[in-house]
Amino acid sequence: MRKRICLFAAFVLLSGFTAVMFMPPCFAADAAAKQSKGKYHCPMHPDFVSDKKGTCGICGMDLVKSDDDEPEAQPSPAVEKSGHKILYYRNPMNPAVTSATPTKDSMGMDYVPVYEEEKGAAPGVSINTSKQQLIGVKKGLVQKRALSVGIITVGKVAYDPDLYVAQEEYIQAVKTAAATSQSALVSIREQSAGLLVSAERKLLLMGMSKTEVEALKSSGAAQDSLYFPGNSGKAWIYITVYEYELGLVKEGQDVLIDAVAFPGEIFKGKVTAITPVLSAESRSVRVRAEVDDKAGKLKPEMFVNATIAVDLGEKLSIPEEAVMDSGTRKIVYVVKDNRFAAREVTLGPKAAAAAKRAERGGSDVPAPVRPAGEFYEVISGLNEGEEVVTSGNFLIDAESKLKGAL
């Protein structure tokens, strides 16, 4: 009996397999389509499908709508939530780079959309008063201030026998030219005049000014303090000034000298000459100052510290904290009606607000030694009376980049 049941089951299975194998292709395709067709499927078990919402019979997850039943998405015009049209997309790191379509930059950052209403809006980013207080925004004015700069550098007491010899040669040339000026021989007069011109040029190239050469001609005596401490009450100081500060230095400016050998003692003098040739190795020039040294304390070849006081006068300026220096450009955030607009500026040297003599307690020490705040001279980019951010500008810069206002 059991043997007959097994044979009958095998016959039924074989018949079903044969029917499927020899079913016409169209009927097989229709059956497969009906089996796979379903509006909803399980995200974890794609084989589990259903024509209505529900849960997966395997894992219990909610069924999701199949993509095949969703209508193909049509491209729609780029609009903001409020309905404003997107004009273009800009690079988040470089606003000058734009694209007509959404894209990414080389770092994978999405381009920021720029909407239609931004086109006619005031420049900058709007930040309300409460948020300004939260991020610690402080402001300062663009105004004219009396500025001064203290160029702090090094120098040494002159030991220059070559210059002393050149001075002697010039004095002899002056005497020779005067003695031969009435000579009957034209060649003698011309030769003497030529030697005088050459001797004068040599002194100029060695750092003496035209005024000093004329004074040497009048005195008729070379300065022996150039090679040996004298009793003249004066000392020559050779000061190193680098190329980037050279435009600030002029003859007649005040100089303060101090030496390690005499702590607390200040020797005062003035710039008397600037060497006309720049050193190619150090990118600097040698500035000569003459200082008072009645006691003869400063010895030849002694190293000293020097401060040259430069009075810039009344200049349009801003506090140094207002400037954001990226290396390639300098940015300042200008404030108007709670809007902060970035502005590229051209600046002069950093300087101190020159304090008045009475404010320094009557001291003869130049103002740069006693600074009263640091400021930048404004050459272009700002107008007098404008208000700039002096604190919190980095946070405003981040907000501007986020909103595409920079």
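No lab work stands behind these numbers, since they all come straight from the coordinates. Treat the numbers as computed from the prediction; the structure is a model and nothing was measured. Counting neighbours? That spans all protein chains shown, and the Cβs are built from the backbone with ideal geometry, glycine included.
For Ser391, list long-range residues whose amide hydrogen, built 1.01 Å from N in the peptide plane, is under 5 Å from its own amide hydrogen.
Those lying under 5 Å, H to H, from Ser391 are Lys138.
What list of ³J(HN,Hα) values in whole Hz, one per residue of region 179-184 in order, does the Karplus curve 6.51 cos²θ - 1.76 cosθ + 1.60 (θ = phi - 60°) give from phi, with Gly and Pro shown as x?
Here the 3J(HN,Hα) series is 5, 9, 5, 9, 5, 6 Hz.
Using only C-alpha atoms and all pairs of different ones, pull out the Kirkwood radius for region 247-361 in Å with one decimal. Intermediate results must be reported in sequence, preceding the final value.
Values: mean 1/r = 0.0552 Å⁻¹.
It works out to 18.1 Å.
Determine the relative contact order of region 160-226: mean sequence separation of Cα pairs under 8 Å and six or more apart, normalised by residue count, in whole percent.
Working: 49 pairs, mean separation 32.8, N = 67.
Taking the mean separation of contacting Cα pairs over the length of region 160-226, I get 49 percent.
Take the Cβ-Cβ distance between Leu205 and Ser326 as r, set R0 to 41 Å, and report the resulting FRET efficiency rounded to the nearest 0.05.
Working: r = 42 Å, r/R0 = 1.02.
Plugging the Cβ-Cβ distance into 1/(1 + (r/R0)^6) gives 0.45.
What distance in nm separates the simple spin-label points at Glu374 and Asp51, each placed 7 Å from Cα in the Cβ direction?
A separation of 7.9 nm, rounded to one decimal place.
Among Cys59, Cys42, rank each residue by its count of other Cβ atoms within 10 Å, from fewest to most, as a rough exposure measure.
On the way: Cys59 11, Cys42 21.
If I rank by nearby Cβ atoms, fewest first, I get Cys59, Cys42.
Scan region 198-250 for trypsin sites (Lys or Arg not before Pro) in coil per DSSP, keeping those whose Cβ has at most 13 other Cβ atoms within 10 Å, and list them by number. Don't skip to the end; give the middle numbers.
On the way: sites: Arg201, Lys202, Lys210, Lys217, Lys234, Lys250; in loops: Lys250.
In loop regions of region 198-250 (DSSP not H, G, I, E or B), the sparsely surrounded trypsin sites (Lys or Arg not before Pro) are Lys250.
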